[in-house]
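Engineer: Could you have a look at this structure, given as structure tokens, before my questions?
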Amino acid sequence: MSITGWIVAYSAAVADLPLVLPAPSADALLDAIDVEGKIGRALEALGPIAGRDIAVVGGGSRELADLEAVAGHVTPVAAPAGPGSLAIGAAESVDAVVARWSAFEGVDPRDLAEADRALRPDGRLLVVHDYGRDDVSRLRGDLPEYRLWSRRDGPFLSAGFRIRVVHCFWTFASLEAMAAFLGAAFGEAGASLAATLKRPRISYNVAVYHRTRGGLLQPTR
């Protein structure tokens with residue numbers, strides 16, 4: 001599979017990872033991605049989600065386990081088959097909707113309406129996507145999330161979202177382990193990046209787009 005063939009969101013069944021990789025590269029990345037837990041802390045700060053009823057769109061087994069450890073109740077929701085096909089559940093049934101890499105690509109108004117329908121008053125929609133300006137974007141090429149999505153006139157900020165950029169890493173046990181992963185997962189591009197790095201970690205920035213039900217902004221966030 002070529003790098004351009006690795007895509008996220010609607011073709012991905014679950015959201016443990018931001019891209020589709022064959023095993024064992026996927027297993028290696030699962031153990032390396034955001035070991036500091038910065039994404040989880042950002043979701044809590046922008047939710048909150050601790051002790052709350054939340055719906056998780058397209059969540060992988062690891063993501064669901066992590067969220068179940070802190071949330072009051074977690075409702076898994078299937079990743080949408082395409083724009084406008086999101087289906088969460090009963091009206092006003094959750095305090096937050098969380099989607100990491102598996103939904104809200106380009107923000108279809110029908111998906112926003114579905115999230116608003118399922119959220120309780122003052123409920124929060126939290127969407128995680130890649131942000132770029134990092135080592136990972138050097139590997140993955142030109143993606144819309146790196147250029148268009150975070151713009152003021154882009155699909156998120158123009159739809160009532162705010163953005164928080166979280167500076168994460170893919171962290172490996174050693175330089176050798178990192179180089180082996182990069183070569184196996186990304187071929188020549190990965191090997192070239194590995195040759196430039198002095199520590200066994202790869203910079204990785206994500207954007208948490210956050211929005212209150214109905215697009216109402218909370219000025220303190």
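Engineer: Would you work out which of G160, A55, A118 lies farthest towards the positive end of the dipole of the chain, given +1 charges on the beta-carbon of Lys and Arg and -1 on that of Asp and Glu, about the Cα centre?
Structural biologist: G160
Engineer: Moving on. Putting +1 on Lys and Arg Cβ atoms and -1 on Asp and Glu Cβ atoms, find which of P83, L67, A96 reaches farthest to the positive end of the dipole of the stretch 46-97.
Structural biologist: My answer, from the dipole projection, is P83.
Engineer: For A26 paired with A90, estimate the spin-label separation in nm (one decimal), with each label point 7 Å from Cα along the Cα-to-Cβ line.
Structural biologist: Output for this residue pair reads 3.4 nm.
Engineer: Oh, and also: Using Stokes-Einstein with the Kirkwood hydrodynamic radius over Cα pairs, what translational diffusion coefficient do you get for the chain at 20 °C and a viscosity of 1.002 mPa s, in µm²/s rounded to a whole number?
Structural biologist: Estimated via Stokes-Einstein, D reaches 121 µm²/s.
Engineer: A further question follows. Which value in deg cm²/dmol, rounded to the nearest 500, describes the helix-derived mean residue ellipticity at 222 nm for the chain, given -39,500 (n - 2.57) per DSSP H run of n ≥ 4 and division by the residue count?
Structural biologist: So the calculated ellipticity at 222 nm is -8500 deg cm²/dmol.
Engineer: FRET efficiency for A189 and D153, Cβ-Cβ distance as r, R0 = 25 Å, nearest 0.05?
Structural biologist: It comes out at approximately 0.20.
Engineer: Follow-up question, since we're still on this one. Take every DSSP beta bridge whose two residues both sit in the chain, then give the antiparallel share in percent to the nearest 5.
Structural biologist: In the chain, approximately 55 percent of DSSP beta bridges are antiparallel ones.
Engineer: Under a Cβ-only charge scheme (Lys and Arg +1, Asp and Glu -1), can you give me the dipole magnitude of the stretch 3-208 about the Cα centre, in debye to the nearest 20?
Structural biologist: Here the stretch 3-208 has a charge dipole of around 560 debye.
Values in this text are rule-based calculations from the coordinates and carry no lab data. The model shown is predicted, which means the values in this text are computed figures rather than measured ones. Backbone-built Cβ (ideal geometry, glycine too); neighbour counts: all protein chains shown.
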